[in-house]
Amino acid sequence: MISPIFAVIAGAAITTIFTLGSIFAGVRARGPRLWRELASCPLCAGWWVGAALDLPNALTRPIWPAAVHLVAVGSLTGCAALLYRRIIDRL
């Protein structure tokens, strides 16, 4: 199990690399229009990354607390990634 704080920080970093990194430019450019938009959005991609990182923790809980925890960590990760991207854009 990983700490939720670690999941948010690591998820924001992973999301920033995925949405801004040149190594993933080909992945973001291919596919349907919806995919291209979601893969370029740090809030959208961050939610999925955060939820995926928190999944091992959520599987140890009953269903409703697990669902709430997944949404919370996913949302925090998306917000942190968006904030980090706004800071990078300003620099």
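Where a number appears in this text, it was derived from the coordinates with a stated rule and is not lab data. Bear in mind the structure is a predicted one, so any value in this text is a computation, not a measurement. Cβ: placed from backbone, ideal geometry, glycine included. Neighbour counts: every protein chain shown.
Using 0.36 nm times the number of residues separating ALA25 and ALA66, minus their current alpha carbon distance, what extension gain do you get?
Length difference between fully extended and current span is 11.5 nm.
List, largest first, the extents of the alpha carbons of the chain along their principal axes, each in whole Å.
On the principal axes, the chain reaches 38, 31, 17 Å in Cα extent.
Among the helices of the chain (complete DSSP H runs), which have Cα atoms covering no less than 18 Å along the helix axis and a Kyte-Doolittle mean of at least -0.5?
4-20, 42-58, 63-90
As I understand it, the dipole of the chain uses +1 on the Cβ of Lys and Arg and -1 on the Cβ of Asp and Glu, about the Cα centre. Which of GLY78, LEU38, PRO62 lies farthest toward its positive end?
Farthest along the dipole direction, towards plus: LEU38.
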